[in-house]
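Engineer: I am attaching a structure below and will ask some questions about it afterwards.
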Amino acid sequence: MSRSLGVPAVSVVAAAAMVWGCSIGPAPLSAQLPDRIRTGLVVEDYSVDAGLDFESIRQLSVPVVAEWSWAGRGHLTVASGWTEVRLGLPGSVERVVSGPLDAEARLRWALVRDRLDLMVTGSLPTGTNRLDEPDLLLVGLLANDLLGFSTPSLGSGGSLGVGVGGAGVFGAASLGWAVHGRLPFSYQPVAGSDDRVRAGAELRMRVGLQSPLGRRTSVSAALVASLRNRDELNERPVNRVGHRVAGYVSVDVPVSRTVLSLWGSGVVRTDPAFEPSVVGAAFIPRGHFWSAGGRWVLGVGSRLRIEPQVEYRSATAATDASGLELESLGGLWKAGARVRRGWGRDSWLVLDGTGAFGSIRNDAADVDTRGMRIALYLEWTR
């Protein structure tokens, strides 16, 4: 069964409309062109042995990101794109969902230059936010932290947000912080059903630190805490308040003319919640996720950079609705390399290839999983 909900041009037009609406005053055409554009083609493919409800899942995505800056005080980012997801089921059955993504925008304006910024965010529901019930298996798979798809969200009801952030220098260290509130809108995720889902309003607080560690080594760390109100189904609360804490730390060590980066990250989700996902609202149970890896940045001349990297990912989730007991969801190794090549005066071509292998746990049994990711990006700066 195939369900197609549009072409890339749909969300590109919507994104352009958002940009036009955010423009401040008249300006010559050259001033309205983006200062930076990033687009590409991403293919991710995973297959599993017998023992799960699916045999394979493949996603093809075309992201489009454009950025504008105004005299160092304002910065606007608009993102959208298109994706197609193919889910292989037992018995040679295939489900296909394709369509545009939501059009998202983020405006940052300096209230006090280099000290305090105002942020305004918003998304238009131009994506795929309503599916036939048989396609809902895609929801949990593409929202799965373990697999880590590049486009885990295709559609929602849209949202509005506002926040403030700042930065400062303390000795040799740089410290940044931000507080952001977001209000999602309701939508109907299942075709043929009048049920409306709305994720709870969210307050997100972030603090980041960058500091030298010794003469040449540097360390970066960030902590993000999210507090969310009750999610709603048909305007009735359906679960407890959701709390989420995420952390990240990396250490960069120069080695001759190269840089070795080691990093780790983790997410603690203390309560279940509805999350906007590739095909609507996904119920995500209480759980934990962590990953660790390394990247070696090799410069070959001034316009060529090679970055081999390796990563391990692991996840746990509640075994039932009570959320009292957690069990492993499996583990996955990812290894590959990124090649970044200068093209012309202001353009870059980026090729990213990654292989993956590991297992997904199902009913106390580990099911072998393997996959790959190939991406080609083009970055242009005016």
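The values are calculated or read from the model by the stated rules, or taken from the named source; none is laboratory data. This one's a predicted model, so the numbers in the text were calculated from it and none came from an experiment. Every residue, glycine among them, receives a Cβ derived from its backbone with ideal geometry; neighbour counts consider all protein chains shown.
Engineer: Only one residue in 342, 371, 353 is at pLDDT 95 or above, over 26 Å from residue 269 (Cβ atoms) and part of a strand (DSSP E or B). Which one?
Structural biologist: 353
For (1) more than 29 Å from residue 292 (Cα to Cα); (2) acidic (Asp, Glu); (3) modelled with pLDDT under 90, each residue gets a yes or a no:
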position: 117; (1), (2), (3): yes, yes, no
position: 130; (1), (2), (3): yes, no, yes
position: 135; (1), (2), (3): yes, yes, yes
position: 138; (1), (2), (3): no, no, yes
position: 152; (1), (2), (3): no, no, yes
position: 174; (1), (2), (3): no, no, no
position: 187; (1), (2), (3): yes, no, yes
position: 199; (1), (2), (3): yes, no, yes
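Engineer: Mind checking whether some residue in segment 240-263 is modelled with pLDDT under 75 and either among the aromatic types (Phe, Trp, Tyr) or touching a helix residue (DSSP H, G or I) at 6+ places or on another chain (Cβ under 6 Å) (or both)?
Structural biologist: There is no residue in segment 240-263 that is modelled with pLDDT under 75 and either among the aromatic types (Phe, Trp, Tyr) or touching a helix residue (DSSP H, G or I) at 6+ places or on another chain (Cβ under 6 Å) (or both).
Engineer: Further, regarding this structure: Is it the case that some residue within segment 144-154 is closer than 27 Å to residue 176 by Cβ, of a type in the set (A, V, I, L, M, F, W, C) and assigned to a loop (DSSP other than H, G, I, E, B)?
Structural biologist: No: segment 144-154 contains no residue that is closer than 27 Å to residue 176 by Cβ, of a type in the set (A, V, I, L, M, F, W, C) and assigned to a loop (DSSP other than H, G, I, E, B).
Engineer: So, one more: When segment 219-239 is examined, which residues are found to be of a type in the set (A, V, I, L, M, F, W, C) and at pLDDT 95 or above?
Structural biologist: 219, 221, 222, 223, 224, 225
Engineer: Also, I was wondering about something else. Of all residues in segment 71-94, which are over 16 Å from residue 138 (Cα atoms) and touching a strand residue (DSSP E or B) at 6+ places or on another chain (Cβ under 8 Å)?
Structural biologist: Listed by number, the residues that qualify are 72, 73, 74, 75, 76, 77, 78, 79, 80, 81, 82.
Engineer: Right, next: Evaluate the following for residue 107: is it out of contact with any Phe, Trp or Tyr (no Cβ under 8 Å at 6 or more places or on another chain) and under 18 Å from residue 159 (Cα atoms)?
Structural biologist: Against the criterion (out of contact with any Phe, Trp or Tyr (no Cβ under 8 Å at 6 or more places or on another chain) and under 18 Å from residue 159 (Cα atoms)), residue 107 qualifies.
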